[in-house]
Amino acid sequence: MPRSERSPLLLAGLLATAGVAHFAVPRPFDAIVPRSLPGAPRTWTYASGAAELALAAGLAVPRPRRKAALAAAALFVGVFPANVKMAADWRHRPVPQKAAAFGRLPLQIPLVLWARGVAKNAQGRP
């Protein structure tokens, strides 16, 4: 399988894994939902998990891939405040946990770029 075909499937796998985790183990996700969002954190956890699963499905199929990839890029930007909250909340934890929390912050940039690259290489682009 050429790399250009593997990339969207790998991104789909990443999003599917994250989406399943939101339902299988929701508590850690609940904890990083910014308090400024209305409603219960669990609602946001499930909504973001469902979005990740839907985007994974869209990335796995060529026809909706471009739109799904652009939406995935937007999702990666949209969840950044949760990663900031996690880093702030974990700043006094042991070094490995603190490093993981702070390491998530710059990781969003390659995820956004990856999703945009998948969109650019998808069939049916304008």
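Checking each residue in the range 21-58 for being among the polar types (S, T, N, Q) and buried (at least 16 other Cβ atoms within 10 Å of the Cβ) picks out T45, S48.
Considering only the range 90-112, I want to know if a residue exists there that is touching a residue at least 40 places away in the same chain (Cβ under 8 Å), out of contact with any Phe, Trp or Tyr (no Cβ under 9 Å at 6 or more places or on another chain) and on the phi < 0 side of the Ramachandran plot. Checked the range 90-112: no residue is touching a residue at least 40 places away in the same chain (Cβ under 8 Å), out of contact with any Phe, Trp or Tyr (no Cβ under 9 Å at 6 or more places or on another chain) and on the phi < 0 side of the Ramachandran plot. Of the residues screened, A68 is one that is within 14 Å of N121 (Cβ to Cβ) and either surrounded by fewer than 17 Cβ atoms within 10 Å (Cβ to Cβ) or of a type outside the set (F, W, Y) (or both). Filtering V61, V84, V112 for residues that are under 19 Å from L15 (Cα atoms) and surrounded by 12 or more Cβ atoms within 10 Å (Cβ to Cβ) leaves a single hit, V112. Highlighted here are the helices (runs of 4 or more DSSP H) found entirely within the range 8-83 that include at least 3 residues which are modelled with pLDDT of 95 or more and of a type in the set (D, E, K, R): 65-78.
The values are calculated or read from the model by the stated rules, or taken from the named source; none is laboratory data. As the structure is a prediction and not an experimental result, all values here were calculated from the model. Positions of Cβ are backbone-derived with ideal geometry, glycine not excepted, and every protein chain shown enters the neighbour counts.
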